[in-house]
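Take a look at the structure below.
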Amino acid sequence: MTLYALSGKIKITESLGQILVDFEFIEKFTPMYLEAARLTVLIGAAGIVLAAAVGLLCALVKYYRVPVARQIVSAYIELSRNTPLIVQLFFLYFGLPKAGIRLSSEVCGIIGLAFLGGSYMAESFLGGLTSVGKIQLESAESLGLRRHQVMNLIVIPQAGAVAAPAVCANVIFLLKETSVFSAVSLADLMYVAKDLIGMYYNTGEALLMLVVAYLALILPISVIFAILERRLRRGRS
């Protein structure tokens, strides 16, 4: 009985030991995660801003049905949305050097995110633009308003309200897509987590810090966008 009770206590102690988190490991490597988070935010923000600019340009080309450019934009959107971001990054980081073009990991991350995000942003902006009824546009033109006045006073306010939820969803989607940047040797959050797991085998702690880091980055943005979306809905109702 005594031996059985003792072995039972040992098993319980071992089980508890497996559950316990190594807080010393977390404290030691938290600065690395903070630096990786800063890099992720900077590259993600730059890529998203560039993606929004590309998306808006593509949306306007399709909205005004610009000859030739419209077909080019359609081909770009199909190519971008039907290829994974990691393939696009590999092409930029490993493929372009074959042609004598060498880009840093950071530049590849920004361009890759902009290339992928531009197509999604284009569809979101185009959906907002096409939501404005033709009757309103014809009425504005009959009143003598010029095209830029119609765009600024009528189209953009309404299109922005319609496109905002989709744009916000795209921003969150693109931030999560930054997790593949480690494939091109970019020291982002995923890169740090995989590096620590490979060196110290503290898989639980490394992944825990990774989850917390992404939650800290994305959750506040999701809350802000949810509040913004509710206000926009109230304004339209």
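None of the figures in this text is laboratory data; all of them are computed from the coordinates on show. Note that the structure is predicted; figures quoted are calculated from it, not measured. Don't worry about glycine lacking a Cβ; one is built from the backbone with ideal geometry, like all the others, and counts go over all protein chains shown.
As a test of the formula, what do you get for the chain when each DSSP H run with n ≥ 4 contributes -39,500 (n - 2.57) and the sum is divided by the residue count, at 222 nm and rounded to the nearest 500 deg cm²/dmol? Please report the intermediate quantities before stating the final value.
Numbers: 10 runs with 185 residues, N = 237.
Computed mean residue ellipticity for the chain: -26500 deg cm²/dmol.
Against the globular-protein guess of 2.2 N^0.38 Å, express the Cα radius of gyration of segment 190-237 as a ratio, rounded to two decimals. Write down the numbers at each step before the final one.
Numbers: Rg = 17.5 Å, N = 48, 2.2 N^0.38 = 9.6 Å.
It is 1.82.
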- For segment 193-237 and segment 30-69, what is the separation of their C-alpha centers, rounded to whole Å? 19
- Query: Hey, fewest Cβ within 10 Å first, where do SER105, SER139 land in order?
  - Reply: SER139, SER105
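Can you sort ASP195, ASP22 by how many other beta carbons sit within 10 Å, fewest first?
Working: ASP195 16, ASP22 13.
Exposure proxy ranking, most exposed first: ASP22, ASP195.
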- So which helices of the chain fit the span-like rule, where a helix is a whole DSSP H run, its Cα atoms reach 27 Å or more along the axis, and its mean Kyte-Doolittle is at least 0.5? 23-63, 105-130, 156-177, 203-236
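Hey, got a sec? Which trypsin sites (Lys or Arg not before Pro) in segment 119-214 land in a DSSP loop and have at most 16 other Cβ atoms within 10 Å? Walk me through the numbers on the way to the answer.
Working: sites: LYS134, ARG146, ARG147, LYS176, LYS194; in loops: ARG146.
Filter output for segment 119-214: ARG146.
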- Item | Distance between modelled label sites at ARG231 and LEU79, nm, 7 Å Cα→Cβ extension | 3.9
- Query: How large is the dipole of the chain about the Cα centre if only Lys and Arg carry +1 and Asp and Glu carry -1, each at its Cβ, rounded to the nearest 20 debye?
  - Reply: 940
- Note on the structure: For the chain, whose charge dipole is built from +1 on Lys and Arg Cβ atoms and -1 on Asp and Glu Cβ atoms, the candidate among TYR33, GLY198, LEU79 with its Cα farthest towards the positive end is LEU79
- Query: Averaged over all directions, how much area does the convex hull of the C-alpha atoms of segment 103-237 cover when projected, in nm²?
  - Reply: 10.7
- Item | Coordinate range along principal axes, alpha carbons of the chain, Å, largest first | 96, 53, 28
- Message: Give me VAL68, VAL171 sorted ascending by neighbouring Cβ count inside 10 Å, so fewest comes first.
- Response: VAL68, VAL171
- Please report Rg over Rh for segment 12-134, where both radii come from the alpha carbon positions and Rh follows the Kirkwood definition. 1.22
- Task: Would you work out which of GLY44, LEU20, ILE154 lies farthest towards the positive end of the dipole of segment 12-154, given +1 charges on the beta-carbon of Lys and Arg and -1 on that of Asp and Glu, about the Cα centre?
- Result: ILE154
- Per residue and in cubic angstrom, what volume does the convex hull of the Cα atoms of segment 74-118 have? 65
